[in-house]
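Enquirer: Take a look at this one; I'll ask things after.
The values are calculated or read from the model by the stated rules, or taken from the named source; none is laboratory data. Predicted, not measured: the structure shown is a model, and the values here were computed from it. So basically every Cβ, Gly included, is an ideal-geometry build from the backbone, and we count neighbours across all protein chains shown.
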């Protein structure tokens, strides 16, 4: 079995926290929503949150956080597991067959948002079980493809979930072609501290502070307008 990078985040609550943090930082660093890579919706539907990643190059990741478990669906457009790379144009065999009914129902209910047919890997956790599970697609992929290709781009896409402030700084300075980002300010967001006008100015001096605070507040982040 391939060595999946997601094993470093086995706790779904921690994964949920990371997706929120990364989306908050992208709101601060980019006024233009279409340029942001990390996004988060606290109430996709009652009791269900959605974290997502879109690198702007045709690859994306969706993470559903639900009362019955967590589901990750990824799409690497260069993967041989992509429906667009297959002669029949169909989703890779076994991709969703073993997904628990409750998670599958949400996936289908959010079809427009989740783009379920654009998929090269799907993994999930049930309840509070820390073990990530896959369907039978992985066994078939290991037979048909090389070990690297058999993961459907999971290592590549899950790599956008920067687990530490240092990792985020390395990524963001390159992606945003930014000035040197203050690690201490990034660390405050990772620690869950309220976002203040001063913090926003440290991270992105040209950002409209009030607009950023408004958007963060609308999305459920803790802010402080007064310093």
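Enquirer: If I filter the stretch 118-137 down to residues being at pLDDT 90 or above, part of a loop (DSSP other than H, G, I, E, B) and touching a strand residue (DSSP E or B) at 6+ places or on another chain (Cβ under 9 Å), which single residue comes out as surrounded by the fewest Cβ atoms within 10 Å (Cβ to Cβ)?
Expert: 132
Enquirer: Another question, then. Inside the stretch 8-26, can you point out the residues that are free of Cβ contacts under 8 Å to residues at least 60 places away in the same chain and within 12 Å of the chain's Cα centre (by Cα)?
Expert: Of the stretch 8-26, the ones free of Cβ contacts under 8 Å to residues at least 60 places away in the same chain are 13-14, 16, 26.
Once the filter is applied, which keeps residues that are free of Cβ contacts under 8 Å to residues at least 60 places away in the same chain and within 12 Å of the chain's Cα centre (by Cα), the stretch 8-26 yields only 16.
Enquirer: Another question, if that's okay. Hey, among the residues in the stretch 160-184 that are within 18 Å of residue 17 (Cβ to Cβ) and assigned to a loop (DSSP other than H, G, I, E, B), which one's farthest from the chain's Cα centre (by Cα)?
Expert: Ranking the candidates gives 164 first.
Enquirer: How do the pairs read when you match residues in the stretch 182-205 that are on the phi > 0 side of the Ramachandran plot with residues anywhere that are surrounded by fewer than 13 Cβ atoms within 10 Å (Cβ to Cβ), using Cβ under 9 Å and keeping only pairs 6 or more apart or on different chains?
Expert: 192/222
Enquirer: Test each condition in (1) out of contact with any helix residue (DSSP H, G or I) (no Cβ under 6 Å at 6 or more places or on another chain); (2) surrounded by 15 or more Cβ atoms within 10 Å (Cβ to Cβ); (3) part of a helix (DSSP H, G or I) for residue 152 and report the one that comes out false.
Expert: (3) is the only condition that residue 152 fails.
Enquirer: Scan the stretch 87-107 and give yes if some residue there is touching a strand residue (DSSP E or B) at 6+ places or on another chain (Cβ under 9 Å), surrounded by 16 or more Cβ atoms within 10 Å (Cβ to Cβ) and free of Cβ contacts under 8 Å to residues at least 12 places away in the same chain, otherwise no.
Expert: Yes: one or more hits.
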